[in-house]
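Taking it in order: structure first as structure tokens, then the write-up.
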Amino acid sequence: MIKVCVVVASRANYGRIKYVMKALDESDEIELQLVVGASTLLDRFGKAINVIKEDGFEPNKAIYYTVEGETLLTQAKSTGLGVIELATAFDELKPDYVVSVADRFETMSTAIAATYLNIPLIHLQGGEVSGNIDDRVRHAITKLADFHFVATEQSKERVIKMGENENSVFNFGCPAMDVIANADLSIDNDIMSRYGGVGVSIDWTKPYILMIEHPVTTSYGDGFMQVNELLQALLEFKDYQKVVLWPNADAGGEDVSKGIRVFRENNMSENFHFYKNFSPEDYIRVLANASCAVGNSSSFLREGSFLGMPAVVVGDRQNNREHGENVAFANYERTDIISKLQGQLGHGKHEPSDLFGKGNAGQLIAEIIPSLKPTVLKPITY
């Protein structure tokens, strides 16, 4: 049996990799190993490990390596601590492959630990460009990885241009689309009642705007101002409920969280409700049924394009990422955000796009792993 170790280190990671894990677990040729760590274990980020266990996956290891603070310094320290802890986990589990997702600091930890232990690294979502430090991390991981499962043709071309062997680069689309393809997209108050949250009660059968604002590491220190402009803009839309999801653990996260808390305390009677986390399937319900999504989550461009969901992407966190026709871009001035939101709300649903895949990536990735042939040395191809 081939032992394949998947590392899940954030709630977003899990949504991206769930259907790969499912296919690996069902394979007769593969033993799935699972390491869960970092913010997936923390209550203030929704404790996604509980969702993972509810889905039937039992982690082989659960590792704490998030240093408190959400500053540039703690992000760097968390990366180093992750290398140490993950190296120990990999040494004990002795996988044949390690699988890591995307472009976060936790992904860098995974890549470094696996590489120095001579464990072939499989990287998902390489070759993309966004607009902040994630680009550097993503491309660095590409050079560490042995095999690349990218999400678009442009991404495949970029990875090959970075000197990677074209025979090690596969475009099966993004496994996050698998969640949508297999999900019941209907939503109601009974389904969503288990999430609690804080704020004015949401009636999921009535119109709402979904907001997700993550910190932007390249404009560290501006998070409070940025999220405040966005929230103040949403105050103008009195006819819509507002669903706000808590930011991730990147540097600057505490500034964004503080901005949300200050706004919440001063606007308790306004039509806002604040949540920590949803399961991958329930997040898709929330996204699919929103009147519009606003903020800087990559899901607005990826899953949003697959759904044709109207979205306003604010700031430069995603300004270079591929996207469908469903996206309008705004700066952090509330007047611009209001204008773009009005346009998208007036437009309604867009034509769905398969730019990021057709919803079958997980199975295709699991099927090809047994035929991969890793080499000790990875020569550059130009």
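Can you list the lysines whose alpha carbon sits under 29 Å from that of K47, skipping same-chain ones fewer than 8 residues off?
Within reach: K3, K18, K22, K61, K77, K94, K206, K242, K258, K276.
Taking amide H positions as placed 1.01 Å from N in the peptide plane, with prolines and chain starts having none, which residues 5 or more places from V6, or on another chain, fall under 5 Å of its amide H?
The list, which skips near neighbours in sequence, is Q33, L34, V35, V99.
Relative contact order (percent) for the chain, with alpha-carbon contacts under 8 angstrom and 6 or more residues of separation?
Relative contact order for the chain comes out at 18 percent.
How far apart, in nm, are the 7 Å Cα→Cβ label points at S219 and R136?
Each label point is offset 7 Å from its Cα along the Cβ direction, giving 1.8 nm.
For an R0 of 22 angstrom, estimate the FRET efficiency from the Cβ-Cβ distance between E265 and E236 and round to the nearest 0.05.
0.65
Between L377 and D25, what is the FRET efficiency for a Förster distance of 22 Å, r being their Cβ-Cβ separation, to the nearest 0.05?
Numbers: r = 32 Å, r/R0 = 1.44.
Efficiency, from the Cβ-Cβ distance: 0.10.
Apply the Karplus curve 6.51 cos²θ - 1.76 cosθ + 1.60, θ = phi - 60°, to the phi angles in segment 32-43 and return the couplings in whole Hz, x for Gly and Pro.
3J(HN,Hα) across segment 32-43, in whole Hz: 7, 10, 10, 10, 10, x, 6, 6, 5, 9, 9, 5.
Give me the one-decimal Kirkwood hydrodynamic radius in Å for segment 189-347, with the sum taken over alpha-carbon pairs.
Evaluated on segment 189-347, it is 15.5 Å.
For Rg/Rh (Cα atoms, Kirkwood Rh), the listed values are (1) 0.95; (2) 1.01; (3) 1.06; which was obtained by calculation from the structure presented?
(1)
What ranking do 211-223, 350-362 get when scored by the average of other Cβ atoms within 10 Å per residue, highest first?
Details: 211-223: 21.5, 350-362: 19.0.
So the peptides 211-223, 350-362, ranked by packing, come out 211-223, 350-362.
Would you pull out the residues with amide H under 5 Å of I30's amide H, same chain only if 5 or more places away, H placed 1.01 Å from N?
Close amide H contacts, sequence-distant or interchain: I2.
What is the fewest-to-most order of R138, R321 by other Cβ atoms lying within 10 Å of their Cβ? Write out the running numbers ahead of the final one.
Values: R138 23, R321 19.
So the ranking, lowest neighbour count to highest, is R321, R138.
If we sort 59-69, 297-307 on the protection proxy, mean other Cβ atoms within 10 Å, highest first, what's the order?
In descending order of packing, they fall as 297-307, 59-69.
So if each residue of separation counts as 0.36 nm, and I subtract the Cα-Cα distance between E325 and E153, what length gain in nm does that give?
60.2 nm
Let me have the 222 nm mean residue ellipticity of the chain computed from DSSP H runs of 4+ only, each contributing -39500 (n - 2.57), with the sum over all residues rounded to the nearest 500.
-12000 deg cm²/dmol
Each residue of segment 203-214 in order: what ³J(HN,Hα) in whole Hz does its phi give by Karplus 6.51 cos²θ - 1.76 cosθ + 1.60, θ = phi - 60°, with x for Gly and Pro?
So the J values, rounded to whole Hz, are 9, 5, 8, 10, x, 8, 10, 9, 10, 9, 10, 9.
Using a Förster distance of 25 angstrom, determine the FRET efficiency expected from the C-beta separation of N165 and N118, and round it to 0.05.
Given R0 = 25 Å and the Cβ-Cβ separation, E is 0.85.
Measure out, as a whole number of angstrom, how far apart the alpha-carbon centroids of segment 342-382 and segment 201-276 sit.
30 Å
Once label points are set 7 Å from the Cα along Cα→Cβ at both L42 and K3, what is their separation, rounded to one decimal in nm?
Inter-label distance under the simple model: 3.0 nm.
Count the net charge of all other residues whose Cβ sits under 14 Å from the Cβ of D354, scoring Lys and Arg as +1 and Asp and Glu as -1.
That sum, taken over residues with Cβ under 14 Å, equals -4.
All of the numbers you see were taken from the coordinates with simple rules; none came from a lab. What you see is a predicted model, and the numbers here were worked out from it, not measured in a lab. Heads up, the Cβs are rebuilt from the backbone with ideal geometry, glycines too, and the neighbour counts pull from every protein chain shown.
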